[in-house]
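The values are calculated or read from the model by the stated rules, or taken from the named source; none is laboratory data. Keep in mind that what you see is a predicted model, and the values were worked out from it rather than measured. No Cβ is skipped: glycine too gets one built from the backbone with ideal geometry, and neighbour counts run over all protein chains shown. Side chains are part of the model used for accessible areas, which takes the heavy atoms of the whole protein and leaves out ligands, DNA and RNA. Shrake-Rupley method; radii C 1.70, N 1.55, O 1.52, S 1.80 Å.
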Amino acid sequence: LRCASPPRRVTLHAKARPVFVSDVVEADLAPTLAWLEEQGGGPLAGRLRDALADGRLHVESPEFYTGPLPFWEMPDELHARLAEAALVLTKGDANFRRLLGDLHWPHDTDFADLMREYWPTSLAALRTCKSGVLVGVVPAVEAAAAAAEPEKWLTGGVYGMVSFAPKATPS
């Protein structure tokens, strides 16, 4: 990511141990940077290594991420750490489901309204739709997706989405 004023520190939250094949653990970082270098991404790999070395990029692996609880039940310590961030990015259908408690909300429920109830900072959730848990989709878009892919639109990994919730401002 490039910013007009880059963050002083970026924290990558990895899993303490993999739950799904796509999960990243801290030990994956070195071979990933080596692969990136082999593919012609040497300058980027070098910048990332430099950032790791001087603390601008930091990796943490909270145990909470490998458990079954919804994000609103995260430990106070993790909540406080996330609250320090200007923005949290999550990826994956499982994390999206945990953000919503794996509950089936009306699909047109506003994502930001739900996150304001408990999430401590700005949030962008990236996911491929692989479960019936969905919010933030207006009826016309849902109808178009269902018409185009009647059997797979919601659970077949055909569609993806980015949901954003700005940090709640105190009233």
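With a ≥ b ≥ c taken as the square roots of the eigenvalues of the C-alpha gyration tensor of segment 44-171, please select rounded if a/c is under 1.5 and otherwise prolate if a/b is larger than b/c or oblate if it is not? Intermediate results must be reported in sequence, preceding the final value.
Numbers: a/c = 2.05, a/b = 1.54, b/c = 1.33.
Here segment 44-171 falls in the prolate category.
For Gln39 and Arg116 in the same chain, what is the full-extension length gain: residue separation times 0.36 nm, less their Cα-Cα distance, in nm? Don't skip to the end; give the middle numbers.
Numbers: separation 77, 0.36 × 77 = 27.72 nm, distance 4.11 nm.
Contour length minus the Cα-Cα distance gives 23.6 nm.
What is the chain's relative contact order, in percent, from Cα pairs under 8 angstrom and six or more apart in sequence? Can you show the working numbers first?
Values: 231 pairs, mean separation 32.4, N = 171.
Computed value for the chain: 19 percent relative contact order.
How far, in nm, would the chain grow between Trp105 and Arg49 when pulled straight, counting 0.36 nm per residue and subtracting the alpha carbon separation? Don't skip to the end; give the middle numbers.
Numbers: separation 56, 0.36 × 56 = 20.16 nm, distance 4.17 nm.
Result for the pair: 16.0 nm of gain on full extension.
Testing the spin-label approximation: label points 7 Å from Cα along Cα→Cβ at Val162 and Arg8. State their distance in nm.
Taking the simple label geometry, Val162 and Arg8 are separated by 2.7 nm.
With a ≥ b ≥ c taken as the square roots of the eigenvalues of the C-alpha gyration tensor of segment 84-140, please select rounded if a/c is under 1.5 and otherwise prolate if a/b is larger than b/c or oblate if it is not? Intermediate values should be presented prior to the final figure.
Working: a/c = 1.83, a/b = 1.42, b/c = 1.29.
Here segment 84-140 falls in the prolate category.
Of Thr109, Leu154, Ser122, which is farthest along the charge dipole of segment 54-158 in the positive direction, counting Lys and Arg as +1 and Asp and Glu as -1 at C-beta?
Leu154
Could you work out how far apart the two model spin labels at Lys152 and Thr169 are, taking each label as a point 7 Å from the Cα in the direction of the beta carbon, and quote it in nm?
So the two model labels end up 4.3 nm from each other.
Just the number please: accessible area per residue for segment 1-140, 1.4 Å probe, all protein chains included, in Å².
Details: 8530 Å² over 140 residues.
Value returned for segment 1-140: 61 Å² of accessible area per residue.
Mean residue ellipticity at 222 nm from the helices of the chain, using -39,500 (n - 2.57) per DSSP H segment of n ≥ 4 over the full residue count, to the nearest 500 deg cm²/dmol?
Details: 6 runs with 52 residues, N = 171.
My calculation for the chain gives -8500 deg cm²/dmol from helical runs alone.
Give me the aspartates and glutamates in straight-line cross-link reach of Lys167: C-alpha distance below 17 Å, same-chain residues under 8 apart excluded.
Glu84, Asp110, Asp113, Glu117
Rounded to a whole number, what % of the accessible area of segment 87-126 do carbon and sulfur atoms account for, probe 1.4 Å?
Numbers: 1010 of 1850 Å².
C and S fraction of accessible area: 55 percent.
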